[in-house]
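Let me begin by presenting the structure, written as structure tokens, before commenting on it.
Nothing in this text is a laboratory measurement; each read-out follows from the coordinates by a stated rule. Treat the numbers as computed from the prediction; the structure is a model and nothing was measured. Positions of Cβ are backbone-derived with ideal geometry, glycine not excepted, and every protein chain shown enters the neighbour counts.
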Amino acid sequence: MEGKMDDSNKLALMSEPPPDYTESPKSADLSCGKLLILVMAVVVMALVVLTLLLAGLHITEKHTEAVLQMTIQRPDGKGSPQHLAMSQKEKLAIFPIHMKLNSSATVVYDYSNLVIGYRSWTGKACYVIRMNQKDIQSLDAVIKIFQDVQKPPPLLPLGQREKPVENLSAVPANRSMLGAAINLLCSSLSVYWA
């Protein structure tokens, strides 16, 4: 009986239904078309955001220029307009000043070295002052400081005229500490602290 199979086991197997072999559900793979649409949507959103940022930057720049122009002319619109050249890379603001007939000057705000330079084109010297970081001096205040330094000294009594008069407020400045912009402004002139 060893070669004979047990029929009871065969019946037990046949009474049970066979297991259900169904296909497992597929993962939600994106087709190439859906992937392309998704990528295009991301690119369009990035372009919209970039456009809005650039438009905001342009509007801010125009507003800043308008405020600066009003500040230079005074809020009431009176006064002679001043022109401004700015360089973000070098952190400079350059103001050409037209005062009287045949009298002009240039003021340079050097924000990287915290120095303000002044050169009168009829003068024989260049003057610099330190920039106040917390409250930067206005252009009118700076021009007044530099013009006060340039005033000729008062006449001395007859007995003292032989002695040289020194302007104690004009101390020679070290050119190496002033930066390239001020050195270019004052190229061949002596530079003094005002």
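Structure above, values below:
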quantity	calculated
Calculated FRET efficiency for the pair ASP135/MET99, C-beta based, R₀ 30 Å, to 0.05	0.75
Separation in nanometres of the label points that stand 7 Å from Cα toward Cβ, at HIS63 and ASN174	4.3 nm
Where labels lie 7 Å past Cα in the beta-carbon direction, separation of VAL42 and THR22 in nm	3.5 nm
Residue-wise HN-Hα coupling along the stretch 38-49, computed from phi with Karplus coefficients 6.51, -1.76, 1.60 (Hz; x: Gly, Pro)	5, 5, 5, 5, 5, 5, 4, 5, 5, 5, 5, 5
